[in-house]
């Protein structure tokens, strides 16, 4: 069993390249249980690549909200959220729930949607939702999965400021360990306790959030 001193995730001299170009270069880090991590840096710095590399280490015990969300547009909000636990049930149960939502599952999913302001959308198909509502549905699916680790690739990019706070609070409360790729530096500093800064595939900053101001991160975004 992992203790707080045991690294839950670890990379040693990780290098990842695409089409002959290095996206991550000799990157080493450890993430321990209970840490809330923000990955920050310019677009193309390697944040999504690092997030996915970490996620691959612990898929069985982690929930992921990717940028493309991975929702089934023809199905309802309810069914998309339920997908977070498909692997916990036999096939017949999942099919029965697809044909007619079971009260037990509705009763478990409804409070999560309420927390994210989606309770009235529970049986609406994904294709009829706004981008922000779809993003919150993906977060609800991740919360419903009931994993100890959450990975989010820009998980509040499509919602307004008020909703961003609601979503990030829900993520933090529901998961022991959180790793977020973030473009909003102020939100990153508010909802995480450690910041990892990337520039062109290099890890150039790794500090506790309490020791950083937003202005300290400006160098990460200079060309």
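Would a scan of the stretch 95-107 turn up a residue that is part of a helix (DSSP H, G or I), surrounded by 21 or more Cβ atoms within 10 Å (Cβ to Cβ) and at pLDDT 95 or above? Among the residues of the stretch 95-107, not one is part of a helix (DSSP H, G or I), surrounded by 21 or more Cβ atoms within 10 Å (Cβ to Cβ) and at pLDDT 95 or above, which makes the answer no.
With respect to residue 84, is the statement that it is modelled with pLDDT of 95 or more and either at positive phi or exposed (fewer than 12 other Cβ atoms within 10 Å of the Cβ) (or both) true? It is false that residue 84 is modelled with pLDDT of 95 or more and either at positive phi or exposed (fewer than 12 other Cβ atoms within 10 Å of the Cβ) (or both). Only one of the listed residues (110, 147, 164) is surrounded by fewer than 22 Cβ atoms within 10 Å (Cβ to Cβ), farther than 24 Å from residue 26 by Cα and in contact with a strand residue (DSSP E or B) (Cβ under 8 Å, 6 or more places away or on another chain). That residue is 147. Checking 72, 77 one by one, the residue that is surrounded by 14 or more Cβ atoms within 10 Å (Cβ to Cβ) and closer than 19 Å to residue 137 by Cα is 77 and no other. The set of residues in the stretch 28-65 that are buried (at least 21 other Cβ atoms within 10 Å of the Cβ) and farther than 30 Å from residue 144 by Cα contains only 45. Anything in the stretch 171-188 that is crowded, with 20+ Cβ neighbours inside 10 Å and either modelled with pLDDT of 95 or more or under 22 Å from residue 8 (Cα atoms) (or both)? List them, or say none. Passing the criteria: 171, 174, 175, 177, 178, 179, 180, 181, 182, 188. Checked against (1) more than 30 Å from residue 218 (Cβ to Cβ); (2) in contact with a helix residue (DSSP H, G or I) (Cβ under 6 Å, 6 or more places away or on another chain), residue 88 passes all but a single condition, namely (2). Per this entry, residue 127 is not counted among residues that are at pLDDT 95 or above and in contact with a helix residue (DSSP H, G or I) (Cβ under 7 Å, 6 or more places away or on another chain). Exactly one residue among 34, 44, 20 is modelled with pLDDT under 90 and closer than 25 Å to residue 184 by Cα, and that residue is 44.
Quick grid of which residues meet (1) farther than 22 Å from residue 159 by Cα; (2) not in a helix (DSSP H, G or I):
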| position | (1), (2) |
| --- | --- |
| 27 | yes, yes |
| 45 | yes, yes |
| 53 | yes, no |
| 60 | yes, no |
| 64 | no, yes |
| 67 | no, yes |
| 70 | no, yes |
| 73 | no, yes |
| 81 | no, no |
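The values are calculated or read from the model by the stated rules, or taken from the named source; none is laboratory data. Since the model is a prediction, treat every value here as computed from it, not as a measurement. Don't worry about glycine lacking a Cβ; one is built from the backbone with ideal geometry, like all the others, and counts go over all protein chains shown.
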